[in-house]
Amino acid sequence: MNNKTNIIVIDDDERIENHPLLVKLRQLYNNVEILSSPKEGTDYVATHLDQRNIIILDYKFDADRSTGRDVLEKIRQISKLIPVIIWTANGDRLTEIADFVNYKAYAILNKSPYEPVLESVSRADKELNNSLEGAIEEWVLLQDKNELDKPYMINANGKSYSLRDILREVREQTPFGQRIEKDLIMLTIDLLIRNKESLDIK
Amino acid sequence: MKQNQPEASALFWKFDISTFRLLGRELITDRITALFELVKNAYDANATNVHVEFLSVQNISSESRIIIRDDGIGMSFDTIRDKWMVVGTNSKRTNRRSPAPMFRKVVGKKGVGRFAVDKLGSRLLLSSQEADAELQVNLLIDWNHYEEQMLAADKEAVEQQKATEEAKATGSSQIATNEPKYFTDIANKYWEKPSQPGKSGTQLDISAIRDPWTKSDIERAYKELAKLVSPLVRPTYPFNIFLHAPEYDLFGYQPVENKAIRHATEEITLTHDEEWQEKLKHYQGRLTKVKVPILSFGPIDFKLYYFDKQAKDIFKREYQGGSIDGIKIYRDGLIATPFAEYEAQDIKKRDILGIDKRRYSGFFNKVSSADLIGILNITDAGNPEVKDSTNRQDFEDNKEYRELKGFIIGQLEELEDYLAFRRQARLIDTHTELKIANEGLKSFGSILREIKREAPNFLQDRLHLLERQSHQLQLDVSRGIREFQDLTEEKVRQENLFFSLMSLQDYAFEIAHVVRTALSRIMSFAEFFKNEYPNPSFDQYFLEYSRNIYDEMAKLDSVLEFLLSYTKSNVSFQPINVKELIEDLMLNKYADLFSKKNIQAYVDIDQPLVITHNYKFLEDIIENLISNSIKAVEDNQDKKIIKCSGFTSEDNFTLLFSDNGYGIRPEDKERVFNIYFTRTAEKGGAGIGLYIVKTRIQSMQGSVEVTDSEFGSCGTTIKIVLPFAPSKPI
C-alpha cells in the first residue's frame, strides 16, 4: 500500500465509517478522508488542489437538502479534472443524469455491490497516473522541494508561476493551465515525430 | 503581421445600423409594453395628462397613426440633442426624481424606452416645447430609412468581399474599400417653428404603423394602461391617461381608469397609522381588522378584492378582455411589480408573491390569483427596505420583503378561513331551511286534510288533487334533505380520501426507499464476507457486519409487519371517537406491557371528539408515539410516565403526547420526523415511526412538532394540532 492518491468520501451517513467499501479503500490507499457535509467536502477540495484526489460522492444529503448534483457543480467550479464517482442508494431515481454528464461525473454507481466502486476508483487512479496532469505532477514532485514554490515561469503579462502554481492551474483548467497543457502536448508530439528523446537546449 | 497593426493604442465601439432594431423591436417584447414605456416617459416628464390616440388603425394605410401627447415639461433643442438622442442616457439614473414641483420618482431608467416607438410604427415625428419657449422643436426619425441604409450596407459588404476575392485572384493590389455607415452616421431631420403660447409638452406622432389594432387590442391596451397608476392613491399632481380611438365606439374619448374592482364580492381595506398596521382576523364568520405595531417592512395600505364565481361571471361579461390577475404592488402610486407584465395566458404569469404555489398543498379552500385583485401601496419613504430588483420584475430578496410576502399570504389565509366558514354556514343554513320547508309542508298537509273534511262535495276532487300534490312534494323534499346530507358526507369523504391518497403515494415511495437502503447495506456486508472470508485481520469486521445484517433484517421485518397491518385493516372511513380510541390503546391494549415495564400511563382528554377517518390510520399514529415513549422511558431509574392529554378549542383539537424519558436533543427537533432518522437503532428503532406520524397528521391537514417537555428538564412532548375545517360534516 503505497498509493499517494487521496480518496475523499463525501457522505452524511454516520454509519459510513465502517462500511465495507471504506474498510477496503483504507486497505488500498494511504489517505481516505470522510467528510460528512457538502460544505466540508467542497472546502476540503478547494484547499487540497495540490494533491491528487478522487472523490466518492453520496447523492442524498438530508441536512441541507442539497443533492450530489449540487455538490458536483460546486466541485467543478473548483476543479474540472478531479474524478468524481457518484455513489447512490437510489440509482433509478436520479433525475439529473444529464447534469451529471455535463459536469463530467466519472461514474454513477449503486451503493451495493461495492466491488464496482473499488474498480472505478482504481481505474480513475490509473487514468490520473497516465494523464498529462499526472505526468506534470510526477515531474514537479521530482524537483527539489525547496524549488516548488519559487517563481518558475513568467507569462506575457508579467505574472510569475511556481511549479506548484502551474500544477494547480492545470487542475483548475484556467486559460493559462489549458495553454500550458496544449503547449506540452504539442511539444511531446513534435519530439515524438522527430524521434527526439531529449530537448535541444543550447 | 506586425506591419498591418494600427499605430493607435485605443479602440472604440461603433454601432451597426441594425442597433435600432435591437433596442426597439427586439428588446421590447410586445406592443402593449411599448405603449406602456412611452406613456411612462410622460409621467417622468411631469405630465398631468397624456392622450393616446389611435387613428385609422383598424386597416393599415398611410393614414394610420398613433399619437401620444402629454402636457409635461417638454424638451428644448439641447435636451433633445444631449439627452433624448443619447442612447442609454443616464439623466434619469442620476436624477431619481422628476423636476420640481412634482418630484415624482422616475420610472424609466435605462434610457432606451424611446426606441419602443419602432415596435409601433417606423416613422416618428416628435414635437416638443418647453413652457415659455419661443420655438417648438421638431424631429423626424424614419426607421425605414435606417432599414434601407442597413440593407444597402449589407449589399455593399457582399460586393466588397466579392471585389476583394477577385482582386486576390487577379493579383491586383487595388482593393476599393468603402467606409461602412454606422447607426450614429444616419442623419435625422430637425427643424424649429414658432411655439404655441402658454403650452408645454411633447407629442409623439407615430406613422407607418406596423400592425393593425383591433378593438380587443385597444381594450387590452386600455386595461394595461389602467394598471400603471394605483386607483387608490390620489396624488397631489394627478396623472391622467386618456384613450381616443374614434373607429371603435367604446373609445370615443375615454379617460383610462381602473374599473376592474367594481364587481368584487368582498372588498377589504387595510390601512395604517404612524404606530400601527391593520391586519385581518377571522373569527366565527366575521372578518375583522386588528391593529398590530408597524412590521419590519414598514407601513402599508392594502386593498383586496375577492371575486366569487358569480362576481367573476359579471366581471367577464362587463369587462371583456380584462382579467382578475392577483395582487400588484405600487410604490408612491405607480406600479412597481409586476412591472408592465403583459401575458395573455394566465398560466404563464409569474407568481411573484407565491399565492398560487400554495394550491399544491391543498386546494379545497385556497384562493388563487384568478380570484383576487389586490393593490398594495408602499412608499419610498415608509418602506425603504423593500427595494426594486434591478430587472424591475420583483423586489430584492431580503428579510423585509420576505416578511411582506408572508404578511400578504397571512391576509389571504384569514380570508380563506372566513370564506370556508361562510361556505360551511351556508350549507348548514340550506340544510336548516330544507328542514323548515319540510315541516311547513307537513303542517300544510294537515291543514289541507282538515279543510277537506269540512269542505263541500264539489271541492273534494280538487282538494284531493292538492293533497296528493302536497304529499308528493313532502316526499321530494325529504328525499332532497337525505341526498343533501349524503352528498355533504360524500364530499367530506372524498376530501379525506384525496389527502390520504396523496400521502399513501408518498408513503409507498418512502417505504420502498427504506427497504432498498436496508437491502443495499445487507448486500454490501454479505459481499464483504464473500470476498474476504476467511481473513483473520478482518475478524472484527466479520463480527460487526454479521450484527449489522441482523439489525437490518429486523428493520425490514418491522417495515413488512407494518405493511401487513394495512392489509388486515379496513380501509374505509368511519366516524371515530378520538378519546375512546386513545383510552382503548393506552388503558387497555397496552396495559399489560406498561405494567410489565413498570410504566404509568395517563389519558386526559377533555371531551369526546368524533372525526371521520380510517381507524387504522389514526391507531398507527398513537401506537407509534406509544412505542417511541416506551423506548425513551425504559432506562429511567425513577418513575416511568407516558401521558396523553387533549383539548378542543374553537377551531382545532390539540393533542399533547408526553413522556419523562431521555428526551430529544435540540438539534434533532426537526430531524426526528425525517424518514429513518433514529437515535435508538440499538433498540430496534427503524426511524419510520415519527415519519408515519408526520405524514399522516399532515394528510389530515394538521401539524406536528416537538414542543417543550411537559416534564420540564427531562422527557419529550409531541404536540399535534388537528384543525376542524374543512372536514367537519354537518
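Read the figures in this text as sums done on the coordinates, not as results from a lab. Small disclaimer: the values here were computed from a predicted structure and weren't measured. When we count neighbours, we look across all protein chains shown, and the Cβ atoms used for this are built from the backbone with ideal geometry, even at glycine.
Worth a mention:
- Shielding by partners, peptide B:528-538 (average Cβ within 10 angstrom, other chains): 2
- Taking amide hydrogens as placed 1.01 Å from N in the peptide plane, the amide H of B:ASN240 sits under 5 Å from those of B:ASN49, B:VAL50, each at least 5 positions away in sequence or on another chain.
- Evaluating 6.51 cos²θ - 1.76 cosθ + 1.60 at θ = phi - 60° for every residue in segment A:26-36, the Karplus couplings come out as 5, 5, 9, 10, 4, 10, 10, 10, 10, 10, 9 Hz, glycine and proline recorded as x.
- A cut-off of 5 Å between modelled amide H atoms, ignoring neighbours fewer than 5 places along the same chain, links B:GLN136 with B:LYS193, B:SER195.
- Relative packing of B:596-608, A:21-33, which averages over residues the other C-beta atoms within 10 Å, highest first: A:21-33, B:596-608
- For segment A:1-50, a/c is not less than 1.5, where a ≥ b ≥ c are the root eigenvalues of the C-alpha gyration tensor, and a/b does not top b/c. That puts it in the oblate class.
- Largest-first principal axis extents of the Cα set of segment A:19-91 (Å): 32, 30, 19
- Whether chain A is rounded, prolate or oblate, judged on the alpha carbon gyration tensor where a/c under 1.5 counts as rounded: prolate
- Tensor-based shape of segment B:537-636 (alpha-carbon gyration tensor, a/c under 1.5 rounded, otherwise prolate or oblate): oblate
- Simple label model, 7 Å out from Cα along Cβ direction - B:ASN240 to B:ALA10, nm: 5.2
- Amide H within-cut-off set for B:ALA336, under 5 Å, with H built and near neighbours excluded: B:ILE329, B:TYR330, B:ARG331
- Cross-link pairs exceeding 30 Å in C-alpha to C-alpha distance, out of A:LYS111/B:LYS640; B:LYS291/B:LYS366; B:LYS303/B:LYS694, comprise A:LYS111/B:LYS640; B:LYS303/B:LYS694.
- Projecting label points 7 angstrom from Cα along Cα→Cβ for A:GLU17 and B:LYS215 puts them 7.9 nm apart.
- Inter-site label distance for B:LEU587 and B:ARG449 at 7 Å from Cα along Cβ, in nm: 4.9
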